[in-house]
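Heads up, the thing below is written out as structure tokens.
The values are calculated or read from the model by the stated rules, or taken from the named source; none is laboratory data. On a predicted model such as this, the values are computed, not experimentally measured, just so you know. Virtual Cβ from ideal backbone geometry, glycine too; neighbours counted across all protein chains shown. The protein model used for the area step is the full one, side chains on, heavy atoms only, and it has no ligands, DNA or RNA in it. Shrake-Rupley method; radii C 1.70, N 1.55, O 1.52, S 1.80 Å.
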Amino acid sequence: MRANGLKTMIKLILVGAMVACNSGAPASAGAQRSPTATDSGMVQMHGMAMPANDSAFKEMQKRGGMAMGVDQYMSAHKFDVTPDGGRIELQRMTPDSLDVAQIRAHMKLIQHAFAAGDFSTPAFVHMRDMPGTDVMAAKKNVIEYTYHDLPLGGEVRISTKDPAAKAAVTRFLMAQRTEHRGSGKEN
């Protein structure tokens, strides 16, 4: 991990710890929730049935919780491919002002890290460099990242006119969608 990536990761962890401390709840309180179990050995998450014994996914969810500061089972990721790039959305599934504030802080950090060519957070969460991030880092000067509040979280819009950068953004978003088992669309 590059030095600037390590700094970003430390910032993310510190923000999560500060939010947890300010809530009066233990730092791990949100991480104790789990997906809804079914009788068939499956769990329900984001409206989809998944194997309850998927340890790799559970470990990724734990790392995601550490990096983002919110319970991954109480929030939903959305990864959309758009004509000029795409968007990453993260929102709580139910209202919780503390988690909404944490999501917004995380998404703002992601906006700034990605604009600097730093993709260490998704590398940490997925335990590998994500597809497309090498090109996105190399072409950081032709990609724009814009943050917006959403009712229960936030989003980062990604836009570029560069065809190679656009293709890299698409690879990144599709890999994210697949591994987070999130939703999204292609335009």
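Considering every residue within region 102-114, establish whether at least one is surrounded by fewer than 21 Cβ atoms within 10 Å (Cβ to Cβ) and closer than 19 Å to R181 by Cα. No - not one qualifying residue is present in region 102-114. When residues in region 141-157 are screened for being charged (D, E, K, R) and in contact with a Phe, Trp or Tyr (Cβ under 8 Å, 6 or more places away or on another chain), 2 of them pass.
Which residues, counting only those in region 82-99, are surrounded by fewer than 21 Cβ atoms within 10 Å (Cβ to Cβ) and among the hydrophobic types (A, V, I, L, M, F, W, C)? Answer for region 82-99, where residues must be surrounded by fewer than 21 Cβ atoms within 10 Å (Cβ to Cβ) and among the hydrophobic types (A, V, I, L, M, F, W, C): M93, L98. Pull up region 149-181, narrow it to residues that are open to solvent by 20 Å² or more (accessible area, probe 1.4 Å) and within 14 Å of the chain's Cα centre (by Cα), then point me to the one that is modelled with the lowest pLDDT. Step by step, filter region 149-181, then rank; the result is R181.
For region 38-53, check the following and say yes or no: at least one residue is modelled with pLDDT of 55 or more and over 24 Å from M127 (Cβ atoms). No: region 38-53 contains no residue that is modelled with pLDDT of 55 or more and over 24 Å from M127 (Cβ atoms). Pairing each residue of region 174-186 that is at positive phi and outside any helix (DSSP H, G or I) with any residue that is open to solvent by less than 40 Å² (accessible area, probe 1.4 Å) and charged (D, E, K, R), provided the two are 6+ apart or on different chains, yields C-beta distances under 7 Å for G184/D80; G184/R177.
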